[in-house]
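A.B. asks: Dropping the structure in here first, questions after.
Taken together, the values in this text are just the output of simple stated rules run on the coordinates, not laboratory data. Here the structure is a predicted model, which is why all the values come from computation and not from measurement. No Cβ is skipped: glycine too gets one built from the backbone with ideal geometry, and neighbour counts run over all protein chains shown.
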Amino acid sequence: MKAAPLLAILALPAALALGATAPAIEPYRLAADRHETGGVDVRAYAERRKVDGPDLPLRGAVVALVPSSDSFVAEVERIKAQARDSLRTYRAAALQMRRREEAYERAVWEAGAADLVLSSLVGPDGRVSFEGVAAGAWLLWGRLEAWKPVSSKEPRRHEKELFTLGPRLVGFWAVSYWMAPVTVSPGVVAAIELTDRNVWFSGVIEEPRGQDPGP
């Protein structure tokens, strides 16, 4: 029986490795039990480039609705601020954001509240809707990744023979993030707009490829 605490330590949830802490889930459970629920309607689009042109849906963007967390917001705000310090921190920021997002969602799952992590892809109409959401404070988190290939000069054979070549950049993901607090009230549908003009943070995730050492 005394081995249980040790096993718990050895099985420490992966989310905690990134400092992710789940919020108190009791208020959401109580609201759901009382049938105090509302909805969130999200419209995600790039604003029209011409006066008479259409807005363009941000198809493929991931929109997540998670319980509000001051510690999560503080952590991603810190990453955003540090991204301005240098090129190195900027190049690392977008991937750090994604890892923090994933770690926080895992923390909520591991707290036994998987149903409180709501996510969906933006469809052709540029909309995402969440229904039956427990009343309370939530956080809307959006992410859109666009692949940008990079053409780089192939090293010559003698360069491969003389030097130990590092990874060569083959492309990168241009990543846009949105973050917005949402208060869900019983019987009310909160409307949120995510556009190319209100992006909260933008960065890159690079995709290097190891150099072929040649024959």
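A.B. asks: Please list, in chain and number order, the residues 5+ apart from Val204 or on another chain whose amide H is under 5 Å from its amide H, with Hs placed from the backbone.
C.D. replies: Placed amide hydrogens put Ala94, Val175 under 5 Å from Val204.
A.B. asks: Starting from 0.36 nm per residue, how many nanometres of slack lie between Ser202 and Asp55 once their C-alpha separation is accounted for?
C.D. replies: 50.9 nm
A.B. asks: Short version: ³J(HN,Hα) in whole Hz for each residue of the range 118-129, in order, from phi by Karplus 6.51 cos²θ - 1.76 cosθ + 1.60 (θ = phi - 60°), x for Gly and Pro, what are they?
C.D. replies: In residue order, the calculated couplings are 10, 8, 7, 8, 5, x, x, 8, x, 10, 9, 10 Hz.
A.B. asks: Still on this model: Whole-Hz Karplus ³J(HN,Hα) for the range 27-43, in order, using 6.51 cos²θ - 1.76 cosθ + 1.60 and θ = phi - 60°, x for Gly and Pro?
C.D. replies: Values per residue, Gly and Pro as x: x, 6, 5, 5, 4, 5, 4, 8, 6, 8, 10, x, x, 9, 10, 10, 10 Hz.
A.B. asks: Bin by bin, in steps of 5 Å, what percent of the Cα pairs in the range 34-116 do you find, going until the bin that has the longest distance?
C.D. replies: 3, 11, 15, 15, 17, 16, 12, 8, 3, 1, 0
A.B. asks: I need the trypsin sites (Lys or Arg not before Pro) found in the range 62-126, filtered to DSSP loop residues with at most 12 other beta carbons within 10 Å of theirs.
C.D. replies: Filter output for the range 62-126: Arg84.
A.B. asks: Sticking with this one: Give the long-range amide H neighbours of Gly60: residues separated by 5 or more places, or on another chain, with amide H under 5 Å away, using H modelled in the peptide plane at 1.01 Å from N.
C.D. replies: Close amide H contacts, sequence-distant or interchain: Val122.
A.B. asks: If you don't mind, there's one more thing I want to ask. Could you derive backbone 3J(HN,Hα) for the range 183-189 from the dihedral phi with the Karplus parameters 6.51, -1.76 and 1.60 (θ = phi - 60°), listing whole Hz in sequence and x where the residue is Gly or Pro?
C.D. replies: Karplus values, whole Hz, x for Gly and Pro: 9, 8, 10, x, x, 10, 9.
A.B. asks: Report the net charge of residues surrounding Ala146, where surrounding means a beta-carbon distance below 15 angstrom and charges are Lys +1, Arg +1, Asp -1, Glu -1.
C.D. replies: 0
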